[in-house]
Amino acid sequence: MSHDSDNTTDAVRLTAVHKVYGKRDNQVVALDGVTTRFGRGTFTAIMGPSGSGKSTLLQCAAGLDQPTSGSVLLEDHELSELDETELTKLRRDRIGFVFQAFNLLPVLTVRQNVTLPLRLAGRKPARGRVTSVLEQVGLAERSRHRPAELSGGQQQRVAIARALITEPAVIFADEPTGALDTGTARGVLGLLRHSARTAGQTIVMVTHDPVAASYADRVVFLADGRLVGELHSPTAAAVAERMTRLGAFADDVPLPSSATVAGGRR
């Protein structure tokens with residue numbers, strides 16, 4: 001299926017996406033008519049109060065869950081038109097995933113974990129490709145180490161290298177810095193932003209952290225399963241203020257200290 005010219009700058013486009021869980025008498029509307037797009041080579045953060053539909057949006061956009069109705073277009077593929085085999089191949093070849101839980105195999109070395117997606121696809125990396133990706137994430141000298149010999153931040157960088165190895169169109173990241181300290185998180189976020197700017201990858205990240213969101217080009221806000229606003233060139237302070245208005249932060253709970261300092265994008 002080919003797409004029209006208006007879609008050529010979009011890596012992912014969602015149109016009127018609804019996702020409903022449960023039976024008629026006990027339904028939960030997780031997404032309520034969401035329409036948005038993620039441009040090629042952009043970095044977007046998805047934010048909202050708990051239960052707003054952030055993770056559901058990510059899962060539907062990535063083809064991990066199927067909308068109840070609506071359209072999800074990834075590059076020139078309408079996901080609802082793909083069978084499970086086609087969808088699996090698309091996710092394997094064109095999508096990378098980074099999660100809060102690093103999901104590394106403990107018996108494999110760094111290099112083996114990174115190349116696993118290619119091995120599962122029956123492919124071999126191009127000469128020098130693995131070394132290049134490991135250098136990009138700063139782990140070239142750790143290629144023979146196993147996950148237990150790495151820090152949390154290093155493990156997350158292995159997960160990012162694994163997502164990059166297939167040269168995907170889109171990397172979906174679900175709370176990728178949630179288990180990391182501030183300094184380590186900053187390095188991981190900088191790496192994701194670098195992937196968007198230099199490699200042209202589209203990054204879509206769910207986060208609850210205003211500082212993490214300030215690394216993105218754009219922040220999309222959800223509430224009750226609906227798109228309720230966007231911020232472009234966000235600062236941590238602006239994101240925190242918007243989240244407070246959405247009720248994501250209780251009035252008696254102080255904002256993260258780094259989010260209370262106004263400033264430019266990180």
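Descriptive notes on the structure:
- For region 72-90, taking the residues that are on the phi < 0 side of the Ramachandran plot and not in a helix (DSSP H, G or I), the one that is surrounded by the most Cβ atoms within 10 Å (Cβ to Cβ) is identified as L74.
- Strands (runs of 3 or more DSSP E) wholly inside region 157-247 containing at least 2 residues that are of a type in the set (A, V, I, L, M) and more than 15 Å from the chain's Cα centre (by Cα): 218-223, 226-232
- Residue in region 237-245 that is buried (at least 21 other Cβ atoms within 10 Å of the Cβ), among the small types (G, A, S) and more than 27 Å from T9 (Cβ to Cβ) present: yes
- Candidate set from region 1-56 (those that are hydroxyl-bearing (S, T, Y) and assigned to a helix (DSSP H, G or I)); member that is modelled with the highest pLDDT: T56
- If the condition is being loosely packed, with under 15 Cβ neighbours inside 10 Å and part of a helix (DSSP H, G or I), then region 133-148 contributes E135, E141, A148.
- Filtered by the rule that a residue be crowded, with 21+ Cβ neighbours inside 10 Å and more than 11 Å from F102 (Cα to Cα), region 149-162 gives a lone residue, A161.
- Criterion violated by R146 - all others in (1) touching a residue at least 12 places away in the same chain (Cβ under 8 Å); (2) more than 26 Å from M47 (Cβ to Cβ); (3) out of contact with any Leu (no Cβ under 9 Å at 6 or more places or on another chain) satisfied: (3)
- Taking (1) over 22 Å from C60 (Cα atoms); (2) in contact with a strand residue (DSSP E or B) (Cβ under 7 Å, 6 or more places away or on another chain); (3) modelled with pLDDT of 95 or more; (4) not aliphatic (A, V, I, L, M) in turn, F221 satisfies each apart from (1).
The values are calculated or read from the model by the stated rules, or taken from the named source; none is laboratory data. Model, not experiment: these values are computed from the prediction. Every residue, glycine as well, gets a Cβ built from its backbone with ideal geometry; the counts of neighbours run over all protein chains shown.
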